[in-house]
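Q: One structure, as structure tokens, below. Some questions next.
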Amino acid sequence: MSLVKFVLMGVIVKRGIRALLAVSVAALLGLTGSPAQAAEVNVAGVAGISGAVETDSVAGVAAAVGAAGADSGDICYIAHVAGIGWERNWTCDGYYAGTVGQNRAIEAMMVRINKPIGEWCLLGHLRNIGWTVKRCTQSGNGMALYVGTTGQNRPMEAIMLSSPTNIHTFEHNAHVQNKGWTGWWYGGGVIGTYGQALNLEAVALKVAPWTP
């Protein structure tokens with residue numbers, strides 16, 4: 001075999017190995033994915049919902065939109081609770097969604113802002129996934145933002161709400177596993193905990209004027 005043919009065969013083999021590795025990695029990602037990719041890719045608008053909707057929860061989200069009271073306050077929200085499913089009604093303006101004293105994690109939430117505060121955003125921290133992709137929409141447009149999963153037995157540990165307009169902000173209170181109520185907090189920040197493997201069990205939210 002000539003030296004030229006030997007070198008060419010070596011190049012072909014190397015390229016073949018690289019291609020095989022690339023295919024193997026792509027196949028692995030296609031089968032398992034990464035949590036961040038899953039949160040980014042599975043996006044759908046379902047019956048007035050905009051945000052990251054996991055494919056296996058579309059039916060549950062669509063059904064939950066039929067719950068009453070989504071426009072009954074400045075900010076309204078509804079929770080998907082472990083062992084229960086979606087709540088039957090939306091909660092608004094400082095009342096809590098979720099449960100207390102039942103050791104049940106919130107697994108997903110929808111939040112809708114009816115007060116005209118401009119753009120606002122929502123993201124969540126999920127067990128073994130971390131922070132989801134931030135989703136934003138305009139208030140008062142009848143849309144809700146969705147965060148979390150259903151059918152995966154995956155507790156939510158925290159959410160974060162923000163409004164980049166600096167006209168309004170939020171007051172929030174959370175009931176956390178083994179800790180109880182965090183107390184009312186003003187402004188942005190973490191609603192719940194992260195890095196402690198503690199379930200978010202209940203959430204209460206208000207819209208408040210922003211002050212520097």
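Coordinate-derived values only; no laboratory data. Computed from a prediction, not measured in an experiment: that's the story for all the values here. Using ideal geometry, Cβ is built from the backbone for each residue, glycine included, and neighbour counts are taken over all protein chains shown.
Q: Mark the label point 7 Å from the Cα of residue 167 along Cα→Cβ and return the residues of region 92-122 whose backbone N is within less than 15 Å of it.
A: Correct set: 113-121.
Q: With the cut-off at 1.5 for a/c, could you classify region 94-212 from its C-alpha gyration tensor as rounded, prolate or oblate?
A: Prolate, because a/c is 1.5 or more and a/b exceeds b/c.
Q: With each label point set 7 Å from Cα along the Cα-Cβ vector, what nm distance links residue 84 and residue 196?
A: Taking the two extended label points, one gets 2.2 nm.
Q: Still on this structure, I have one more. Within 10 Å, count the other beta carbons around each residue, average over each peptide in 134-143, 191-200, and list them highest first.
A: For the peptides 134-143, 191-200, the packing ranking is 191-200, 134-143.
Q: May I pose another question? Using the Cα gyration tensor of region 156-212, with a ≥ b ≥ c the square roots of its eigenvalues, what is the shape: rounded (a/c below 1.5), prolate (a/b larger than b/c) or oblate (neither)?
A: prolate
Q: I've got another one for you. Give me the net charge of residue 184's neighbourhood, meaning all other residues with Cβ under 9 Å from the Cβ of residue 184; Lys, Arg count +1, Asp, Glu -1.
A: Overall, the nearby charge balance is 0.
Q: Ok, one more. Excluding residue 68 itself, calculate the net charge of residues whose Cβ lies under 14 Å from the Cβ of residue 68, where each Lys or Arg counts +1 and each Asp or Glu counts -1.
A: Once all neighbours under 14 Å are counted, the net charge is 0.
Q: Same structure again: Nothing charged except the Cβ atoms of Lys and Arg (+1) and of Asp and Glu (-1): what's the magnitude of the dipole of region 64-212 about its Cα centre? Round to the nearest 20 debye.
A: 240 debye
Q: Now for a different question. Using 1/(1 + (r/R0)^6) with R0 = 35 angstrom and r between the beta carbons of residue 141 and residue 178, what's the FRET efficiency to the nearest 0.05?
A: 0.35
Q: Given labels modelled 7 Å from the Cα in the Cβ direction, how far is it in nm from residue 186 to residue 152?
A: 3.6 nm
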